[in-house]
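J.: Handing you a structure now.
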Amino acid sequence: SKEKDIITIENQYKIGEVYEKQQNYNEAFKAYSQVKNYSEDWDLIYLATFKTGEISYSLKNYPQGLQIFALLLKEKRYFDGQAQIKLKLAEGYNLSGEQEKAIQTFQEINTTYPKTEASAQAFYQLGLIYQDQKEDLKTAKEFYDKAKDEKPGSEVSKLALQKSADISKLEEYQ
């Protein structure tokens with residue numbers, strides 16, 4: 001019956017969530033991957049597919065994660081999710097050691113989606129790269145300040161404010 005099918009689909013997604021919470025990423029990946037076999041609900045398929053990409057990163061299978069997000073990006077019906085997908089692609093590039101490609105992708109997000117949560121996150125991630133990987137505090141602080149102003153009041157704005165303040169304190173002691 002149709003009702004039974006809906007239960008199966010949602011259960012499949014929830015099973016993925018349970019495994020993910022338990023950090024049983026292999027089983028979570030399998031469960032999320034099954035959703036598309038049970039469902040024609042494109043929103044749920046999108047969420048499940050997005051999760052398989054994130055879990056690939058958790059499993060340190062960066063090529064697989066990048067491939068999943070690249071395929072999602074090509075899907076016209078997921079146009080609304082493009083900024084979030086590009087954030088995940090940039091994250092994957094950075095995780096797999098393609099730092100310059102990550103930086104370039106984060107900067108594309110800032111240009112394409114100004115004044116959005118995604119853009120604020122991209123500026124914040126750029127700050128982290130410059131602080132932690134390039135050890136360039138001056139540039140990192142500039143990115144944190146941009147993140148803070150990009151989407152005031154957002155969660156990432158608060159994190160960026162803290163990071164910027166921390167760098168200011170460090171500078172005082174040098």
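J.: Residues in segment 121-134: is at least one outside any loop (DSSP other than H, G, I, E, B), over 23 Å from Glu98 (Cα atoms) and in contact with a Lys or Arg (Cβ under 7 Å, 6 or more places away or on another chain)?
T.: no
J.: Return the residues of segment 66-101 that are small (Gly, Ala, Ser) and either closer than 18 Å to Thr49 by Cα or under 12 Å from the mean Cα position of the chain (by Cα) (or both); say none if nothing qualifies.
T.: Ala70, Gly81, Ala83, Ala90, Gly92
J.: Do we find that Tyr113 is surrounded by 14 or more Cβ atoms within 10 Å (Cβ to Cβ), within 23 Å of Glu54 (Cβ to Cβ), touching a Leu at 6+ places or on another chain (Cβ under 9 Å) and of a type in the set (Phe, Trp, Tyr) in this structure?
T.: Criteria not met by Tyr113.
J.: Another question, then. Provide a single number: the residues in segment 1-39 that are of a type in the set (Asp, Glu) and modelled with pLDDT of 85 or more.
T.: 3
J.: Related question: Looking only at segment 137-158, count every residue that is open to solvent by 50 Å² or more (accessible area, probe 1.4 Å) and not in a helix (DSSP H, G or I) and tell me the total.
T.: Total satisfying the criteria: 3.
The values are calculated or read from the model by the stated rules, or taken from the named source; none is laboratory data. Nothing here was measured: the structure is a model prediction, and the numbers come from that model. Every residue, glycine among them, receives a Cβ derived from its backbone with ideal geometry; neighbour counts consider all protein chains shown. The area values use the complete protein model at the heavy-atom level, side chains included, leaving out ligands, DNA and RNA. Shrake-Rupley method; radii C 1.70, N 1.55, O 1.52, S 1.80 Å.
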